[in-house]
1. Looking for something part of a helix (DSSP H, G or I) and either out of contact with any Ser or Thr (no Cβ under 7 Å at 6 or more places or on another chain) or outside the structural domain of Ala326 (by TED's automatic domain parsing) (or both) - is there at least one such residue anywhere in region 222-240?
2. Only one residue in Pro115, Pro92 is closer than 25 Å to Gly224 by Cα and in contact (Cβ under 8 Å) with a residue 12 or more places away in the chain, so which one is that?
3. Of (1) touching a Leu at 6+ places or on another chain (Cβ under 9 Å); (2) within 12 Å of the ligand (Cβ to nearest atom); (3) assigned to a loop (DSSP other than H, G, I, E, B), Pro168 satisfies all except one. Which?
4. Which numbered condition trips up Val49, out of (1) surrounded by 11 or more Cβ atoms within 10 Å (Cβ to Cβ); (2) in contact (Cβ under 8 Å) with a residue 12 or more places away in the chain?
5. When the residues of region 345-374 are filtered to those that are surrounded by fewer than 13 Cβ atoms within 10 Å (Cβ to Cβ) and out of contact with any helix residue (DSSP H, G or I) (no Cβ under 9 Å at 6 or more places or on another chain), which remaining residue is nearest to Tyr42 (Cα to Cα)?
6. When you look at Ala324, is it among the small types (Gly, Ala, Ser) and buried (at least 17 other Cβ atoms within 10 Å of the Cβ), yes or no?
7. One residue is enough: does region 248-262 have a residue meeting the conditions free of Cβ contacts under 8 Å to residues at least 40 places away in the same chain and either in a loop (DSSP other than H, G, I, E, B) or outside the structural domain of His166 (by TED's automatic domain parsing) (or both)?
8. At least 2 residues that are touching an Asp or Glu at 6+ places or on another chain (Cβ under 8 Å) and on the phi < 0 side of the Ramachandran plot in each: list the helices (runs of 4 or more DSSP H) lying fully within region 269-359 that qualify.
Amino acid sequence: DVALTEPADLQSLLRADLRGGTPYGAPQLDVPVRLNTNESSYDVPPEVVEEITRAVTGVAPHLNRYPDREFTDLRTALAAYLTATTGVDLTPEQAWAGNGSNEVLQHLVLAFGGPDRTALGFTPAYSMHPIISRSVGTTWVDGLRGQGGQAFDLTAESAVAQVREHQPNLVFLCSPNNPTGTALDLDVVEAVYAAAPRAVVVVDEAYAEFARPGTPSALTLLEGRPRLVVTRTMSKAFAFAGGRLGYLAADAELVDALRLVRLPYHLSAPTQAIALAALHHADRMLATVEAIKTQRDRMVTELAAMGLDPVPSDANFVLFGGLADAGRTWQALLERGVLVRDVGIPHYLRVTAGTPAETDAFLGAIAEVEGKDR
Ligand code: PMP
């Protein structure tokens, strides 16, 4: 009798530390103005679509074979892209990739975290850092921002004190920081690295291409720092979120260690081919970055003019406060066809910068909902 041999309750089979947990869950709703996951609102340009289609046609007959497990061509192209855009010399052996930067973050935690180990981040920051850490049994420590007076700033002094207190095996820094939008000064990265001699220090630069002028990448600090890792993604400025390609740069020996934890052939042949095609057209894929930054700055200016409280941003989104009830505002915007993100900070919401028409729709809706003049 099946019923007699079936366990009573699935929750009791689940790992104890996962019971009652909630998965990552930004709503995917079909509304006219989707500004909640920091994607690009711009479609892939037709000439790149053509090249991507050719690339898929090229690999299709060979899908009977496993793809290049070391994705050598892609690593070469990613290293070349970073060198071209930041001036930092990188070899293909220093580049690594996964299905989105979430996967490369997971590789890092699998290799350097795990049971009996601790990861430290500075909250509010990217919500997946703790989720990925905990999913492989790493103890997560919610560090604090705003100790220096400004609500969401992270000073070197405060970060170093927290690193000394918790002695983590992994430190997550996010620059520009999601959801607050501001980039970190490199002196924070340098100080954290020096204060944590037994930790791998990860700087999540998912939004680096949107940073305001004069914001250097932590890639410039890699030389001579074998425990430093900089993660990037093609999901944001590159307008390629559906392609699922994230990557990192670090010391070649650290990168080599990630081969111990990745699943064999984790990047499919189509993924490698389409990412290469997109990288080949980096200029076209990145062509809308300046236009998006213009909309971002316009949202900051206009939200401030309405008397709301936007945080200056180096990313493709704006966190803004001054809302009596963020949840109610979120719902009222949705009823007007505008989807933004409630990141769980009381009185704040986050909105992605998209097209000028989307900015118009968002600003019109928020003014109406909050009873502000424009
Ligand atoms: N890091 C940060 C800071 C992010 O905001 C995101 C996406 N929201 C990611 C990493 C992961 O993106 P992806 O897996 O698409 O590369």
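The values are calculated or read from the model by the stated rules, or taken from the named source; none is laboratory data. These numbers come from a predicted model, not from an experiment. All Cβ positions, even for glycine, are placed from backbone atoms using ideal geometry, and neighbour counts span all protein chains on display.
1. Let us first name the residues in region 222-240 that are part of a helix (DSSP H, G or I), namely none.
Scanning region 222-240 turns up no residue that is part of a helix (DSSP H, G or I) and either out of contact with any Ser or Thr (no Cβ under 7 Å at 6 or more places or on another chain) or outside the structural domain of Ala326 (by TED's automatic domain parsing) (or both).
2. Details: Pro115 fails: closer than 25 Å to Gly224 by Cα.
Result of the check over Pro115, Pro92: Pro92.
3. All conditions pass for Pro168, except number (2).
4. For Val49, the failing item is (2).
5. Ala357
6. Details: among the small types (Gly, Ala, Ser): yes; buried (at least 17 other Cβ atoms within 10 Å of the Cβ): no.
No: the conditions fail for Ala324.
7. Within region 248-262 (the criterion being free of Cβ contacts under 8 Å to residues at least 40 places away in the same chain and either in a loop (DSSP other than H, G, I, E, B) or outside the structural domain of His166 (by TED's automatic domain parsing) (or both)), the answer is no, since none of the residues qualifies.
8. 269-280, 289-305, 326-335
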